[in-house]
1. Based on the Cβ-Cβ distance of S92 and R177, what FRET efficiency does E = 1/(1 + (r/R0)^6) give at R0 = 45 Å, to the nearest 0.05?
2. Using the Kirkwood radius over Cα pairs, work out the Stokes-Einstein diffusion coefficient for the range 47-158 at 20 °C and 1.002 mPa s, in µm²/s as a whole number.
3. Please arrange L72, L167 by how many other C-beta atoms lie within 10 Å of their C-beta, fewest to most.
4. Could you give the distance between the Cα centres of the range 70-95 and the range 120-180, to the whole Å?
5. Just to confirm a number: summing +1 for Lys and Arg and -1 for Asp and Glu over residues other than A178 whose beta-carbon lies under 14 angstrom from that of A178, what do you get?
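The numbers here are math on the coordinates, done by the rules we state, and not lab data. Since the structure is predicted, the reported quantities are computational estimates derived from the model, not experimental observations. A quick note on method: Cβ atoms are made from the backbone with ideal geometry, for glycine too, and the neighbour counts reach across all protein chains shown.
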Amino acid sequence: MVQASSIAPAFSTDRHAGLFRTRLAAHVPTAPPAPPANRPVSGSRVRVRTYPERGVVVLEVAGRLGDVIEDLDRAIQLALADGPRGVVCDLSAVPTGARPVAVDLLARAGRHVRDWPGIPEAVACADPRIREALAAHPLGANLIITTSEFSAVSMVLVSPTLVVECLRIGPHPAAPRASRNFVSHPPGPDPR
């Protein structure tokens with residue numbers, strides 16, 4: 001024998017919501033959750049805004065460089081994964097006087113150029129001390145360093161692009177010879 005529940009489900013009376021099941025009033029939280037104890041509470045929110053410009057992904061940074069460097073590195077990796085023409089980090093909204101540790105971490109973004117050699121990466125920054133520190137760093141030498149976003153995008157667009165060709169080879173007795181010929185001979189005109 002099955003007995004019916006004595007708790008009736010609560011339904012929304014809002015005409016836009018329709019007849020969708022909602023939570024019972026006793027389970028609705030009354031206050032937002034408290035921040036975790038191991039994280040400092042910051043008054044300002046640091047942002048990295050991403051937008052495309054002529055095939056180049058521009059990452060616009062707002063806030064102190066030391067606070068945003070991890071988010072910026074993650075945004076660079078996500079942008080590179082999509083295979084854009086290039087990536088520009090616009091630091092024009094970053095206040096001057098960045099700590100040397102933050103500049104060192106920013107210079108390490110040059111490792112992405114080493115890992116993705118066909119996609120150039122530029123940093124646009126008005127602070128001459130940051131530009132000098134980036135140029136002096138061994139990994140920062142892989143970056144294009146300019147004073148404005150416009151010049152950074154222009155430098156990325158004039159950089160050479162890599163041409164990638166591929167050959168799809170099926171299982172056939174002549175496949176090893178076809179792959180050797182493809183690798184050893186320079187690419188010719190498209191036969192199509």
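1. Given R0 = 45 Å and the Cβ-Cβ separation, E is 0.20.
2. After rounding, the answer is 160 µm²/s.
3. Numbers: L72 21, L167 10.
Arranged by neighbour count, lowest to highest, L72, L167 become L167, L72.
4. The two parts, judged by their Cα centres, are 13 Å apart.
5. For residues surrounding A178, the net value is +2.
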